[in-house]
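Structure, as structure tokens:
The values are calculated or read from the model by the stated rules, or taken from the named source; none is laboratory data. Because the structure is predicted, anything quoted here is derived from the model rather than measured. Please note: Cβ atoms are built from the backbone with ideal geometry, for glycine as well, and neighbour counts cover all protein chains shown. Accessible surface is based on the protein model in full, side chains and every heavy atom, while ligands, DNA and RNA are left aside. Shrake-Rupley method; radii C 1.70, N 1.55, O 1.52, S 1.80 Å.
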Amino acid sequence: MVWKELFGRKDKVEQQSPAPNPAQEGESEVSDLVDETVEDELDDESARSGFFTRLKSGLSKTRQGFVGKVEALVKGRGIDDELFEELEEIMIQADVGFPTTMHLVDRLRERVRVENITEGIQMQTMLQEEIVDLLEDNCESLTLLGPPPAAIMVVGVNGAGKTTTIGKLAYRLKSEQATVLLGAGDTFRAAAIDQLQVWADRVGVDIIAHNEGSDPGAVAFDTVAAAKARKSDVLILDTAGRLQTKTNLMAELSKVYRIVTRELGRDPDEILLVVDATTGQNAMSQAKLFSEAVPVSGIILTKLDGTAKGGIILALSHELKLPVKLIGIGEKYTDLQDFDAKEFARALFS
């Protein structure tokens, strides 16, 4: 739990979800929200077990395209240079990326030499251990330690799942007794504003929104001002789903960041880049260019349940030193969870 653990200012009280409005779009989703609020009362062990099962299922395509091929490669074989070369090929095809692949293979070569390993099958466990070590080198949880309002900027291209992720994060924080304010900073698309409004209504949180085409900087200014005036615990600011190749739009994002920083009197607590796992290596170029515009603090990796390219998580962590803080593996409100390197590797290799 993000808010309860990091802030500790809210006592655990019974959560009352907003009553569904039959005339309101998304009535069924509101009912789902009420059901999931009840599910939130389950003990942590059951919740973790349920999420691990969904994570394992969600990683099935990556497991087949990566781990399954590794297992078939090493089974019944001795270790030689040809084995390592074939392993490199499998990892690159799984979107692990060339630099990260070479790092992992070099680590395996060294361990094989030092530990005097001769059977290929033993390398599978070693690879799992090396993946955990690699991910834990750049592993951080969501950090909201500044004075209220804690500020989260969310960036990413259209189609990555940014609006849905903001809604799920708002739900999670509210369920932990935080007061949340959303800012509809993607003013280039009317649909983006409308979608975020629907999520605010579903979750039961306030939103600051201007008309389509208005200045995103003005939305950022008003969102911070409203969060202060209303004594909100957390503000989450959406930003334009800009294509990272549009220089003027990236400059606009930089301006929004400067406004938020100025009005807060400090840096935002988090600047989170939402990345669609199905895009594979294209996620690397997105992360690099967004990081040039704003100081990205972490990644939310979405749609892991629909891709064989889950190896991109290794490249993002190793090459860009960006921690994956949250992962999305489904459509449920509770399918946005903290990233755990050991659980991820265990689900991938099991």
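What is the distance in Å between the Cα centres of segment 193-229 and segment 94-157?
37
Among DSSP bridges having both ends in segment 202-350, what percentage is antiparallel? Round to the nearest 5. Could you put the intermediate results ahead of the total?
On the way: 3 of 11 bridges.
Given both bridge residues lie in segment 202-350, the antiparallel proportion sits at roughly 25 percent.
Testing the spin-label approximation: label points 7 Å from Cα along Cα→Cβ at Lys61 and Leu145. State their distance in nm.
A separation of 3.7 nm, rounded to one decimal place.
Need one word for segment 184-321: rounded, prolate or oblate. Basis is the Cα gyration tensor (sqrt eigenvalues a ≥ b ≥ c); a/c below 1.5 gives rounded, then a/b vs b/c decides. Mind dumping the intermediate values first?
Working: a/c = 1.75, a/b = 1.53, b/c = 1.14.
Because a/c hits 1.5 or more and a/b exceeds b/c, segment 184-321 counts as prolate.
Over segment 58-130, give the accessible area per residue in Å² for a 1.4 Å probe, as an integer. Numbers along the way, then the final one.
Working: 3660 Å² over 73 residues.
For segment 58-130, the per-residue accessible area is 50 Å².
In the structure displayed, which of Lys69/Lys342; Lys231/Lys303; Lys288/Lys332 lie more than 27 Å apart, Cα to Cα?
Numbers: Lys69/Lys342 21 Å; Lys231/Lys303 34 Å; Lys288/Lys332 30 Å.
Listed pairs above 27 Å: Lys231/Lys303; Lys288/Lys332.
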